[in-house]
Amino acid sequence: MKSDSPAFRHSGARWLTTLAAGLMLLLSCEKDKGPVFIDRRPPDDQVYRISYKGYIQSIFNENCVGCHGINHPFLNLKKEESYNELLYNGANAPYVDTINPENSLLIQRLRGVEWPIMPPDPPHISESDIDSIKLWMTQGCYNN
């Protein structure tokens with residue numbers, strides 16, 4: 001193909017147009033912000049919440065109700081009363097802190113920061129269970 005032929009000029013113009021379009025595309029892009037992630041979280045009203053009745057109460061049942069039952073003078077952690085005792089009716093209520101769970105009386109007692117550590121005799125409540133209690137607090141202490 002001769003350089004002065006119309007076919008050559010047409011293919012050159014196509015190549016130049018493609019190059020110009022590619023440069024414009026590259027120059028018009030913002031700085032690469034990394035990979036694209038699709039948010040697949042459920043809407044706020046469907047977010048998984050720690051179940052007080054199904055999980056937190058079971059921690060108390062396994063570790064606390066032997067002493068903190070109906071006759072305990074400060075805090076009854078039996079199933080029927082424990083939620084209201086922790087938030088409203090216990091001697092030192094509220095035992096929870098939804099803003100900063102580490103500052104709550106409940107977590108401080110479970111960790112031994114506030115005397116006495118609970119439960120007083122080993123085995124103590126596991127870190128994973130304490131973390132679940134803290135998560136329940138930060139989620140708003142739902143009675144679910």
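The values are calculated or read from the model by the stated rules, or taken from the named source; none is laboratory data. It should be emphasised that the depicted structure is a prediction, and the values quoted were computed from it without experimental measurement. Positions of Cβ are generated from backbone atoms using ideal geometry, with glycine treated the same way; all protein chains shown enter the neighbour counts. These area figures cover heavy atoms from the full protein model, side chains too; ligands, DNA and RNA do not enter into them. Shrake-Rupley method; radii C 1.70, N 1.55, O 1.52, S 1.80 Å.
Below, the figures for the structure above:
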{"quantity": "Qualifying residue in segment 111-118 (condition: touching a Phe, Trp or Tyr at 6+ places or on another chain (Cβ under 8 Å), without any contact (Cβ under 8 Å) to a residue 12 or more places away in the chain and either basic (Lys, Arg) or more than 20 Å from residue 61 (Cβ to Cβ) (or both))", "calculated": "no"}
{"quantity": "Residue 107 being at pLDDT 95 or above and touching a Leu at 6+ places or on another chain (Cβ under 6 Å)", "calculated": "no"}
{"quantity": "Count - residues of segment 55-69 that are within 24 Å of the chain's Cα centre (by Cα) and free of Cβ contacts under 8 Å to residues at least 12 places away in the same chain", "calculated": "1"}
{"quantity": "Test: residue in segment 112-121 that is closer than 23 Å to residue 49 by Cβ and outside any helix (DSSP H, G or I)", "calculated": "no"}
{"quantity": "Qualifying positions in segment 115-144 - among the charged types (D, E, K, R) and either open to solvent by 80 Å² or more (accessible area, probe 1.4 Å) or within 17 Å of residue 85 (Cβ to Cβ) (or both)", "calculated": "121, 127"}
{"quantity": "Hits in segment 123-144 - residues which are of a type in the set (S, T, N, Q) and in a helix (DSSP H, G or I)", "calculated": "128, 132, 138"}
{"quantity": "Segment 94-114 - residue that is closer than 20 Å to residue 74 by Cα and charged (D, E, K, R) and, of those, least open to solvent (accessible area, probe 1.4 Å)", "calculated": "97"}
{"quantity": "Pairs where the first residue, in segment 79-99, is under 20 Å from residue 66 (Cα atoms) and at pLDDT below 95 and the second is surrounded by 16 or more Cβ atoms within 10 Å (Cβ to Cβ) and β-branched (Val, Ile, Thr), C-beta under 9 Å, 6+ apart", "calculated": "79/65"}
